[in-house]
Amino acid sequence: MVRVKDNCVGCGVCVAFCKKRALKTYGRAYINKELCNNCNICVKYCPINALEAE
């Protein structure tokens, strides 16, 4: 599962890369765990390493 860390600034890069549309931003990223398939593409493309795979 992917976790959003406290340093997330809500830039939206992760949202743009998520093919399942499991991410939204409201000041920071939020993950819909029912839609997320744990592909970790968001982790790979986060420019400030604010997402991590658990």
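Points to keep in mind about this one:
- Of the criteria (1) in contact with a Phe, Trp or Tyr (Cβ under 9 Å, 6 or more places away or on another chain); (2) in a loop (DSSP other than H, G, I, E, B), which one Lys44 fails: (2)
- Subset of region 23-32 that is part of a loop (DSSP other than H, G, I, E, B) and touching a strand residue (DSSP E or B) at 6+ places or on another chain (Cβ under 9 Å) - its residue that is nearest to Val4 (Cα to Cα): Arg28
- Condition met for Lys20 (in contact with a Leu (Cβ under 7 Å, 6 or more places away or on another chain) and assigned to a loop (DSSP other than H, G, I, E, B)): yes
- Residue list for region 15-54, restricted to those being free of Cβ contacts under 8 Å to residues at least 40 places away in the same chain and acidic (Asp, Glu): Glu34
- Of all residues in region 1-17, those satisfying the criterion of being part of a loop (DSSP other than H, G, I, E, B) and farther than 17 Å from Glu54 by Cβ are Val9, Gly10, Cys11, Gly12.
- Against the numbered list (1) modelled with pLDDT of 95 or more; (2) more than 8 Å from the chain's Cα centre (by Cα), Ala29 comes up short only at (2).
The values are calculated or read from the model by the stated rules, or taken from the named source; none is laboratory data. In this text, all values refer to a predicted model and were calculated from it rather than measured experimentally. Ideal geometry is used to build each Cβ from the backbone, glycine not excepted, and the neighbour counts take in all protein chains shown.
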